[in-house]
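Let me begin by presenting the structure, written as structure tokens, before commenting on it.
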Amino acid sequence: MGDPESATFYDQHPFDWVPSDVPEKIESVVSRPLVELIRSLDVNSLVLDIGCGPGRVLGFLKRRGIRCIGLDRSRVSLGLAIKRYDRPGAVGDNLHLPFADGTADVVISDGVIHHTEDPLTAFTENFRILKPGGRMYLAVYKPNGRYPRLYKFPGGLIRDALMREWSKPFVTVFFQVPYYAIHFVRSGGKRTWSGARNLFYDYFVTPRVAFLPRRTIEEWCEKQQARIIRYDENRGQNVHSFLVAKEQQTQGRHDPAKVVVQERLIQEKRETA
Ligand SMILES: C[S@@+](CC[C@H](N)C(=O)[O-])C[C@H]1O[C@@H](n2cnc3c(N)ncnc32)[C@H](O)[C@@H]1O
């Protein structure tokens, strides 16, 4: 089960930064590979947005008339999504999803599994609910770039300071205000104080973060009937993304002997790397 600490975190600080009343250009708030995937979908496709937050992507799916359901561990975030976009939703944990095997044509996991206590189980569970022939969009934090260092420092200092009443104002003055100023300018004046504050909390304060290399995701896929059909390094940004296809059932894919061979090959690759 998810731990209450993280659940409380996104209840208190939902990932809410896209104004729902003044729509921004979709490409400025949703990654290009995800926009392209959604634009390619038939309206009869069923999309499950797992860890949907306040519904940034559900809103776009709704505008395109695509059937979609949101799920999030944070009741507050899911409540905002349902209120804004009037799509069905469920409070739940991506380690135990309340959907049958092969339910969805598309599963979206955008910036979610790196916040769970067991990213591999979350990936496997998200993949389980995908139909054979379906596709999964997965975006996770990269281990390189500046974010892992920033999460450590000044992130560690910020998390520490927020634990004491007397030091909280220092975080506001020395970190949140400059962060807001940068976002305000970069967004051309669109980012609000509360939107920037929520981004700030997600960036520096979120209690659990995993940085997942490309190779790790490739290994996860090799162990399943999963094929990466698109990889986006997203240079200069914190996350990289994978478009993963679930192969149609083919005979012999689950042969345990093949799995052993596959695992040995992965091990050999690691040793020669
Ligand atoms: C950074 S936000 C991303 C939200 C949304 N996917 C987006 O891109 O706008 C991470 C979200 O994952 C949710 N989350 C974290 N752990 C989860 C879990 N184990 N099961 C379901 N949702 C989870 C959080 O509540 C939060 O809303």
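Report yes if some residue within region 76-91 is in a loop (DSSP other than H, G, I, E, B), near the ligand (Cβ under 7 Å from one of its atoms) and not acidic (Asp, Glu); otherwise report no. Within region 76-91, none of the residues are in a loop (DSSP other than H, G, I, E, B), near the ligand (Cβ under 7 Å from one of its atoms) and not acidic (Asp, Glu). For region 93-114, give me each residue that is among the hydrophobic types (A, V, I, L, M, F, W, C), surrounded by fewer than 19 Cβ atoms within 10 Å (Cβ to Cβ) and within 13 Å of the ligand (Cβ to nearest atom). Within region 93-114, 95 is the sole residue that qualifies.
Applying a threshold of 8 Å to beta carbon distances and a minimum spacing of six or more residues, or different chains, the list of pairs starting in region 41-60 at a residue that is in the same structural domain as residue 16 (by TED's automatic domain parsing) and within 17 Å of residue 102 (Cβ to Cβ) and ending at one that is of a type in the set (Val, Ile, Thr) and within 6 Å of the ligand (Cβ to nearest atom) reads 50/112.
Applying the set (1) part of a strand (DSSP E or B); (2) over 17 Å from residue 30 (Cβ atoms) to residue 48 leaves exactly one unmet item: (2). Residue 164 versus (1) over 23 Å from residue 238 (Cα atoms); (2) within 16 Å of the ligand (Cβ to nearest atom); (3) free of Cβ contacts under 8 Å to residues at least 40 places away in the same chain: which is the lone unmet condition? Looking at each condition in turn, residue 164 falls short on (2).
For residue 123, the conditions (1) assigned to a strand (DSSP E or B); (2) in contact (Cβ under 8 Å) with a residue 60 or more places away in the chain all hold with the exception of (1).
Can you name every residue in region 62-74 that is under 17 Å from the mean Cα position of the chain (by Cα) and either within 12 Å of the ligand (Cβ to nearest atom) or assigned to a loop (DSSP other than H, G, I, E, B) (or both)?
From region 62-74, those under 17 Å from the mean Cα position of the chain (by Cα) are 68-74; that's our starting set.
If the condition is that a residue be under 17 Å from the mean Cα position of the chain (by Cα) and either within 12 Å of the ligand (Cβ to nearest atom) or assigned to a loop (DSSP other than H, G, I, E, B) (or both), then 70, 71, 72, 73, 74 are the ones that fit.
Looking at 152, 190, 142, 168, just one residue is of a type in the set (Lys, Arg) and under 30 Å from residue 102 (Cα atoms), and that residue is 142. If the condition is being crowded, with 16+ Cβ neighbours inside 10 Å, hydrophobic (A, V, I, L, M, F, W, C) and closer than 20 Å to residue 15 by Cα, then region 115-161 contributes 122, 138, 139, 140, 158.
So that you can scan it fast, the table gives a plain yes or no per residue for (1) outside the structural domain of residue 19 (by TED's automatic domain parsing); (2) modelled with pLDDT under 95; (3) among the aliphatic types (A, V, I, L, M):
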| site | (1), (2), (3) |
| --- | --- |
| 162 | yes, no, yes |
| 172 | yes, no, no |
| 180 | yes, no, no |
| 187 | yes, yes, no |
| 196 | yes, no, yes |
| 217 | no, no, yes |
| 224 | no, yes, no |
| 236 | no, yes, no |
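In region 35-54, what count of residues is obtained for those that are hydrophobic (A, V, I, L, M, F, W, C) and near the ligand (Cβ under 9 Å from one of its atoms)? Break it down into steps so the answer makes sense when it comes.
Residues of region 35-54 that are hydrophobic (A, V, I, L, M, F, W, C), as a first pass: 35, 37-38, 41, 43, 46-48, 50, 52.
Right, trim to near the ligand (Cβ under 9 Å from one of its atoms) and you get 50, 52.
Number of matching residues: 2.
The values are calculated or read from the model by the stated rules, or taken from the named source; none is laboratory data. None of the values given here were measured: they were computed from a predicted structure. Ideal geometry is used to build each Cβ from the backbone, glycine not excepted, and the neighbour counts take in all protein chains shown.
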